Amino acid sequence: MPKSPKFCKNHPQETARRTCYYCKEPICPRCQHHYDKHIFCGRWHFMLWKAGQLIRQIKKQPQTAMLLAVFAVSVLLIVFYINIRVAFIEEQLKAGPPAPEKMIRADTTAMTYSPFMADSTRLQVNSSMQFRIAVWPGAVIAVQRDGQFTATVIAKDSMLQIDDQRLYSGPNHFALWMLDKQGKSTLIDSFTIHFRSARLDYLSRYVTRVSGVKKVLALTFDGGSLKDGSAEILDILKKNKVYCTIFLTGTFIKKYPDLVRRMVHEGHEIGNHSYNHPHLTNLELNGSSSTRANVNRAFIHEQLQKTDSMFYAITRQRMAPFWRAPFGEINKDILLWAAEAGYKHIGWSQRCDTWDWVADTTSALYRSNGQILDHVLTLEKSSGLDGKILLMHLGTERKADYPYLVLEDMIQTLKNRGYRFLKISELLKKKAGKELLSGLVRQ
């Protein structure tokens with residue numbers, strides 16, 4: 001029996017995959033606070049858990065229990081006071097961020113490591129800033145961006161520096177609050193930073209075909225969770241000296257590391273196909289391209305960066321800076337979030353989905369392997385395949401009539417008609433030149 005989904009205790013409409021380490025209640029990503037290598041639903045439950053830890057340590061050392069107890073109570077009182085005051089600031093801001101008072105524009109195309117996955121190899125668009133504030137020593141500064149607190153820092157001297165404040169594409173509304181020695185909270189400043197990156201704009205534009213090129217196309221494969229036929233496909237590609245871009249999920253990489261290493265060794269380009277092939281939009285539910293309720297920026301980043309990290313751990317090579325959304329489900333927000341992680345979406349050209357993934361012979365979408373071959377070759381005759389991207393799959397649920405059985409015939413026929421097969425990076429270079437792609441390739 002599949003487990004029923006859990007919902008956040010603070011946001012009942014949001015599904016929750018994590019629980020508070022103290023109260024064990026389910027919480028969504030918005031409610032997750034990371035303290036001391038654990039996840040809590042708030043500072044108060046962290047403090048209660050920490051107090052319990054301290055009490056257990058004191059009980060183990062009865063000879064110093066009284067001294068430690070006095071010290072612990074003093075520390076807890078100080079920290080409790082600070083947390084109460086910070087919570088007071090948060091309550092003041094719940095009604096919404098203050099109206100912006102300043103307008104600042106920022107533009108950058110630099111790259112840095114992702115803050116979402118410490119072990120990720122993906123270099124993404126750097127969009128962070130630093131605050132330097134003159135304050136009283138001991139003052140507490142709270143930073144708010146778009147209604148969410150991003151940092152709370154206690155000043156050690158008269159100049160406080162707050163690093164790595166993330167900027168997202170478009171307007172970012174900031175508010176700075178200060179709590180002085182007397183416990184008085186004051187709004188220091190509020191302002192808006194409009195962030196835009198030329199590289200981010202480029203990565204956000206998806207590709208389904210490269211125009212202006214002749215007699216070249218990209219043969220691409222998606223690898224989800226099945227490997228049936230994968231070895232045979234690689235054999236055919238090797239025999240015919242065809243190099244492809246293959247989009248793999250983290251699930252595929254984890255289950256079939258030897259196949260992945262073989263793909264790399266034989267010269268294929270590996271793109272990202274998410275970690276576990278989730279639905280990203282409501283297309284399947286109601287035909288809408290709106291983002292699913294459980295999908296947000298952090299979810300997209302984790303799906304891509306977890307796969308990227310796993311690929312590097314297995315191959316010691318980096319994935320190509322391209323991704324293909326599961327089921328082809330994208331919208332403007334999803335493309336932007338993936339671009340922030342350093343990925344450009346690669347779809348497939350019109351009528352270039354071979355439908356080799358359909359295994360139900362009674363489905364109207366089903367094509368036998370002969371029909372797949374006829375479809376591709378007829379499409380080439382009628383409208384050409386110049387600069388187009390062809391979609392096929394590595395694994396299959398078919399028990400017979402395997403699509404890979406006609407793959408060599410398709411390759412040879414297209415070669416005889418004058419076509420060359422390119423990887424996605426090569427196809428983009430054909431149109432854009434090295435300069436455009438150099439923003440994607442990591443040094």
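FYI, it's all coordinate maths here, none of it is from the lab. It should be emphasised that the depicted structure is a prediction, and the values quoted were computed from it without experimental measurement. Here the Cβ is made from the backbone with ideal geometry for all residues, glycine too, and neighbour counts use every protein chain on show.
In terms of other Cβ atoms within 10 Å, Arg261, Arg324 run from fewest to most in the order Arg261, Arg324. The residue list Ala325, Ser211, His345 was ranked by how far each Cα lies along the charge dipole of segment 206-437 toward its positive end, using unit charges on Cβ atoms, and Ser211 comes out on top. Report the percentage of all Cα-Cα pairs in segment 162-305 whose separation exceeds 28 Å, rounded to a whole percent. Every Cα pair in segment 162-305 considered, those over 28 Å come to 47 percent.
Normalised by 2.2 N^0.38 Å, with N the number of residues, the alpha-carbon radius of gyration of segment 271-332 equals 1.20.
Quote the convex hull volume per residue of segment 206-437, based on C-alpha atoms, as a whole number of Å³. With only Cα atoms used, segment 206-437 gives 128 Å³ per residue. Projecting the Cα atoms of Leu200, Leu234, Gly224 onto the dipole axis of segment 198-246, where Lys and Arg carry +1 and Asp and Glu carry -1 at the beta carbon, places Leu200 farthest toward the positive end. When the Cα positions of Leu280, Val295, Leu259 are compared along the charge dipole of segment 249-300, Val295 comes out farthest toward the positive end, with charges on each C-beta of Lys, Arg, Asp and Glu.
Compute the signed sum of charges (Lys and Arg +1, Asp and Glu -1) over the other residues within less than 12 Å, Cβ to Cβ, of Met410. Local net charge: -3. Couplings 3J(HN,Hα) for segment 349-357, derived from phi with the Karplus relation 6.51 cos²θ - 1.76 cosθ + 1.60 (θ = phi - 60°), are 6, 4, 6, 9, 7, 6, 6, 5, 7 Hz, where x marks Gly and Pro. Seen from Val213, the other residues with C-beta closer than 9 Å to its C-beta sum to a net charge of +3, counting Lys and Arg as +1 and Asp and Glu as -1.
Peptides 280-291, 25-36 ranked from most to least packed by the mean count of surrounding Cβ atoms within 10 Å: 25-36, 280-291.
Once the C-beta distance of Arg196 and Lys399 is scaled by a Förster radius of 51 Å, the resulting FRET efficiency is 0.50 to the nearest 0.05.
Provide Rg over Rh for segment 238-278; use the alpha carbon set for both Rg and the Kirkwood Rh (inverse mean inverse pair distance).
Details: Rg = 10.8 Å, Rh = 10.7 Å.
Ratio of gyration radius to Kirkwood radius: 1.01.
Using the number of other C-beta atoms within 10 angstrom as an exposure proxy, rank Glu269, Glu397 with the fewest first. Provide the component values of the computation, followed by the final result.
Values: Glu269 21, Glu397 11.
Ascending number of Cβ neighbours within 10 Å: Glu397, Glu269.
Note that segment 204-246 shows a convex hull volume over its alpha carbon atoms of 89 Å³ per residue.
Run the numbers on segment 246-361 and let me know its relative contact order in percent, using alpha-carbon pairs under 8 Å that are six or more apart. Mind showing how you got there, number by number?
Numbers: 158 pairs, mean separation 32.9, N = 116.
RCO, segment 246-361: 28 percent.
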